[in-house]
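Structure record follows, encoded as C-alpha cells.
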Amino acid sequence: MQQLSGMDAAFLYFEAKNAPTHIGSFAIYDQTTAPGGKVTFKGILQNVETRLHLARCFRQKVVRLPFDLDHPYWIEDPEFDLEFHVRHIALPHPGDWRQLCIQAARIHSRPLDLTKPLWEMYIIEGLDNVEGVPKGSFAVLTKIHHAAIDGVSGAELMSAIHDLEPDAKPEPPEETWVPERDPSVLELGLRSLGQNLRDPFRFPRVMSRTIPPIAKLMMSDPEEEVEDVGDVPRTRFNGTVTPHRVIEGRVFSLQDVRDIRKRVPGSTVNDVILTVCAGALRRYLEDKNELPDDTLYAMAPISVRKDDEKGTAGNRISSMSVTLYTDIEDSVERLKKVHNGTKNSKAVAEAMGAETMTDITQVLPGTFSGLAARAYTRLGLANRVKPFLNTVITNVPGPQVPLYFTGARIVGLFGMGPVMDGMGIIHPVFSFSGRISVSVTACRDMLPDPGFYAQCLQESFDELLEAATKSVTQDDE
C-alpha cells in the first residue's frame, strides 16, 4: 500500500462529470510486420498480460478515505480483470481518419471507473481508408488517469508495451505478483493518523523551501528581462466545458521542424511547435471574427522528474506560462518572440523552484481541493473570473526508432488530453521515428469544426516552413 502524492491526488479531487482528468493516446499499427502478417485480439491479450509487471499502474487501484480527509492509497487490486481493461471494437465502412477521430473522442469523453485500476485500452480495427496508412491497419487507444501518470512516465509506460523488434519478448517478472485485500476505513484512518504523527512538521518544511525562492524572485533586479504575463484575453475556449469532446491532429516531419528552428538561433523544436499552435489559434479565431487584439497565453508542463525517479509512475511536473504572440501576423517574427519568451519563462520557473511548486500540493487537504473544484464548476466561475491561460501545449519527446506492439509496427501516434472549465482546448504533442504529431482535444461546443482546426494547424506549419525556406534561399544568394 502506497499513498498518492498531493499532485497525483489532486487529479482525482478535480475530476468532474463534464471534465474527466485522464490522459491518453492512440497509435496506428501496420500488422503486416507481425509474425504471420496478422495480429489477433487473443494475441494482444496474451502480450499485454506478459507485461503487466513492467508498469505498476496496470494492476493498482485507488482506495479513498471518507470525505477525502487525507490523500488516497494505491493497492494491488485483488479483483484485477485484464479483459475489463482491454477491449475490442471496429470502425464501420469506410474506416477513414474522421471516423477514427470521432470514435477516439467518444471513448475519451467517458470517465474511467475509479473503483478499478485507472486505465483502459481499446483495439480498433477497420482502418481501411486512412490516408498514408496501410489498409488493414488497426489502432490502439489507451486512456490512463492523470493521477497515475504524467507525460514522461507515460513515455516510459509506452516503452513497457512496445519492442524494438517484431518478435521480441519481455523479460519475465523477478517476483510473483501478490494482490492486496481492500483495507477498511478504520485501517486507512489509523495509517493516515500515524503518518501525520511521524511527520508533524511537513507543512512548515514545505513552506521553508517555498518562501526563499519567492523572496529571491521578488528581490531580483527589476531591470532584468523577465517576461511578465499580461492580461489573458477571454476566448471561446475559456468558458464552462460540456462532457463532449473532439479530437484531431496533423503529422509533420521532424527534420522540417529542425530546419525551421535554424532560422532563429538558439530556438528549439518546442519553440517551433508553440509557434505553429499559435498560428493555428490565430487563423481559427480570425476566421470566426474572434481574434483578440492582445496575445493569447499557453501553459506548458515542465517535467521535474529526477534521474533516480525514472521508471516510477505518478506526476513529477510543474509548469510555465508561455506568451504565444498571436497578435503578430508574421510567422518568423512570432517564432523569434516565442523563443525569447520561453527562455525567460524557464528562468521564472527555475527561480520559483519547480519541485517546490509540486510539493505544495502534498499538504493541501483533499476535502478542500475537491470542494474548491466542484464550486468552480457549479458556480460557473469559468465564465465569470479572469482567464489565467488560453490553452495547454504539452510536448513529450518519444523514441526515434521503430517500435512494435505484438509484432505490428507503429506508423502513427497522437495524443489526447483533459480539458476543464476555463480551458477548453489542449494540444498534446508527440515525436517519434522522425515525425512529430500535433493533436488537439477540445470541448465539442467550443470547437464544432475540428477538421477546420486541423487545416489551420497544417497551414500554420506550411507558412512557417515556407518562410524558413525563403530565408535559406535568400542567404544562399
- prompt: What's the FRET efficiency of GLN455 with ASP231 using the Cβ-Cβ distance as r and R₀ = 30 Å, to the nearest 0.05?
  reply: 0.50
- request: Using only the Cα atoms of the stretch 1-132, build the gyration tensor, take square roots of its eigenvalues as a ≥ b ≥ c, and label the shape rounded, prolate or oblate: rounded if a/c is under 1.5, else prolate if a/b is larger than b/c, else oblate.
  value: oblate
field: Sum of side-chain charges, HIS244 neighbourhood, beta-carbon under 10 Å (Lys, Arg +1; Asp, Glu -1)
entry: +2
message: Could you tell me the relative contact order of the stretch 1-112? Use alpha-carbon pairs under 8 Å, at least six residues apart, and round to a whole percent.
response: 35 percent
field: Order of ARG261, ARG191 - criterion: other Cβ atoms within 10 Å of each residue's Cβ, fewest first
entry: ARG191, ARG261
task: Would you mind checking LYS343/LYS470; LYS38/LYS135; LYS343/LYS386 for any pair whose Cα atoms are more than 21 angstrom apart?
output: LYS343/LYS470; LYS343/LYS386
- line: By Cβ neighbour count within 10 Å, fewest first, THR391, THR33 rank THR33, THR391
task: Enumerate by residue number the trypsin sites (Lys or Arg not before Pro) in the stretch 62-168 meeting two conditions: DSSP loop (anything except H, G, I, E, B), and at most 15 other Cβ atoms within 10 Å of the site's Cβ.
output: LYS135
- prompt: Which FRET efficiency value, to the nearest 0.05, is calculated for ASP128 and LEU190 with the Förster distance at 51 angstrom and r the Cβ-Cβ distance?
  reply: 0.35
field: Residue order, fewest to most beta carbons within 10 Å, for LEU296, LEU193
entry: LEU193, LEU296
Net charge, PRO402 excluded, C-beta distance under 14 Å - Lys, Arg +1, Asp, Glu -1: -2
- prompt: How long is the gain from LYS262 to PHE388 if the chain were fully straight, where each residue apart is worth 0.36 nm and the alpha carbon distance is subtracted?
  reply: 42.2 nm
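None of the figures in this text is laboratory data; all of them are computed from the coordinates on show. This one's a predicted model, so the numbers in the text were calculated from it and none came from an experiment. FYI the Cβ positions are ideal-geometry reconstructions off the backbone, even for glycines, and counts take in every protein chain you see.
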